[in-house]
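What follows is a single structure, written as structure tokens, with notes after it.
The values are calculated or read from the model by the stated rules, or taken from the named source; none is laboratory data. Please read all numbers here as calculations on a predicted model, not as lab measurements. Please note: Cβ atoms are built from the backbone with ideal geometry, for glycine as well, and neighbour counts cover all protein chains shown. Accessible surface areas use protein heavy atoms only, side chains included; no ligands, DNA or RNA. Shrake-Rupley method; radii C 1.70, N 1.55, O 1.52, S 1.80 Å.
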Amino acid sequence: MKAVLHRSFGGPEVLEFVELPDPTAGPGEVLVEVRATSLNRLDVLQRQGPALIPGFNLPHIAGMDVAGTVAALGDGVASVRVGDHVVINPAVHCGECEACLSGDDAFCPSVKVVGGNHPGGYATLVVVPATHVHAIPAGMSFEEAAAYPTTWSTAWHGLVSTAGLEIGEWVMVHAAGSGVSVAAIQLAKRMGARVLATAGSEAKLALATRLGADAVVNNRTGDIVATAREVTGGRGVDVVFDHVGPALFQPSLFALRTRGRMVFCGTTTGVDATFNLPYAYHFGLRLLGSDPYPFAEFGRMLDYVLAGGFDPVIDSTYPLADAALAQRRMDEGDVLGKVVLLP
């Protein structure tokens, strides 16, 4: 098979386009011919180093979000057929540890992540358990399907499972042009919430408006706190959904209503945030870390999303051999939605 890997940490130049032996499906597994792989921030972070996921080894093949065609079946697989169009759940839990057996598989200490610590979709073939492939609806492109797994499960878990977002509530969503926020805006609107989207460019704000945001504000030139108070009649938003990190952490807390919820799940601008403790506890603010999604939740999310009516927003596509260019594109500040590799 053809693949893009890196044998050392560094910039995009460490990515190599190589020929490798074809993998084979073992018992309970399927071999998937990759037709599209969307990029995620983890791809870049683990290329730069150090690795973030336990079990990571060099050389490494990235690519968490994969869609393709079932090419071969391992022994005992009857749930799918060769030729089926599928999208992959990248989080593979052991199913045997205490966390898995108690239904808390999101914290499986032996979890394998396709493209994280297990060979991923920067390749023409990938092997995964048959339990982790899901059928793609007729008429949906591989590019669209590959845009959903990580970003949409992150947004779903943050808004539905962690925040408990309710009909009529206001939610502030940062970084409106990113894949996670593209998902969060649409999911929040489908749930009956009202959305205040923030971003650093007019193009990203225009995208947020097109996706259904009720109000927008430039988080570089505008005042997100004043805007939050204005659109809510002085009350403040009910929920902030943030994966930006330190840059907007304190303003986000100021934008919340009394006993509002701050859901956070990313570190784009750094790993250490500071905030005013008295303000947070005096107004009863709830800081909610959005933990990994469990296996069963991924299936529910995907069934809901693939039923239709959502726009995955594809920014651009690149041939697999140009993975370095694709990663450079993802690092540019004007990306709208997902960057996708096509083997």
Rg and Dmax [Cα atoms of the range 122-206; Å; Rg one decimal, Dmax integer] | 15.3, 45
By the gyration tensor of its Cα atoms, with a ≥ b ≥ c the square roots of the eigenvalues, what is the shape of the range 1-156: rounded for a/c under 1.5, prolate for a/b over b/c, or oblate?
-> rounded
Computed about the Cα centre, the charge dipole of the range 191-259 from +1 Lys/Arg and -1 Asp/Glu charges at the Cβ has a magnitude in debye, to the nearest 20, of 120
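Taking a quarter of the surface of the Cα convex hull of the range 187-312, what do you get in nm²? Kindly include the intermediate steps, with their values, before the conclusion.
Details: hull surface 34.4 nm².
Directional mean of the projected Cα hull area for the range 187-312 stands at 8.6 nm².
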For Cα extents along the principal axes in Å, the listed values are (1) 61, 43, 38; (2) 99, 50, 40; (3) 96, 43, 30; which was obtained by calculation from the structure presented?
-> (1)
Describe numerically, in nm with one decimal, the distance between label points set 7 Å from Cα along Cα→Cβ at residue 235 and at residue 98.
-> 4.3
Report the normalised scattering of the range 193-266 as log10 I(q)/I(0) at q = 0.21, 0.23, 0.28 Å⁻¹, calculated by the Debye formula with identical scatterers on the alpha carbons.
-> -0.92, -1.11, -1.50
Once both labels are modelled 7 Å past Cα along the beta-carbon direction, what's the residue 221-residue 300 spacing in nm?
-> 4.2
Once the whole set of protein chains is in place, how much accessible area is left on residue 53, using a 1.4 Å probe, in Å² to the nearest 10?
-> 40
Can you give me the three principal axis dimensions of the range 70-194 from its C-alpha atoms, in Å, biggest first?
-> 50, 40, 25
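Quick one: compute the contact order of the chain, relative version, from alpha carbon pairs under 8 angstrom and 6+ residues apart, as a percent.
Values: 798 pairs, mean separation 60.5, N = 343.
For the chain, the relative contact order is 18 percent.
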Rg in Å to one decimal, and Dmax rounded to a whole Å, for the range 40-119 via C-alpha atoms | 14.6, 40
How far, in nm, would the chain grow between residue 267 and residue 209 when pulled straight, counting 0.36 nm per residue and subtracting the alpha carbon separation?
-> 18.4 nm
Please calculate the 1.4 Å probe accessible area of residue 20, with all protein chains present, and give it to the nearest 10 Å².
-> 50
Would you kindly state the longest site-free stretch of the chain, with sites defined as trypsin sites (Lys or Arg not before Pro) in a DSSP loop (not H, G, I, E, B) surrounded by at most 12 other Cβ atoms within 10 Å?
-> 82-219
If the cut-off is 21 Å between C-alpha atoms, which lysines fall inside it for residue 204, apart from same-chain ones fewer than 8 positions away?
-> 189, 338
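Can you put 93, 132 in order of accessible area, largest first, using a 1.4 Å probe?
Working: 93 35, 132 10 Å².
From most accessible down to least: 93, 132.
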Across the range 1-86, how large is the tail of the calculated P(r) beyond 18 Å, expressed as a percent of all Cα pairs?
-> 53
Where only alpha carbons of the range 114-258 are counted, the Rg and the Dmax (Å) = 17.0, 54
D for the range 250-343, whole µm²/s, Stokes-Einstein with Kirkwood Rh over alpha-carbon pairs at 37 °C and 0.692 mPa s: what number?
-> 192
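Quick one: length gained pulling residue 332 to residue 202 fully straight, 0.36 nm per residue minus the C-alpha distance? Show your work: numbers first, answer last.
Values: separation 130, 0.36 × 130 = 46.80 nm, distance 1.53 nm.
That works out to 45.3 nm of additional length.
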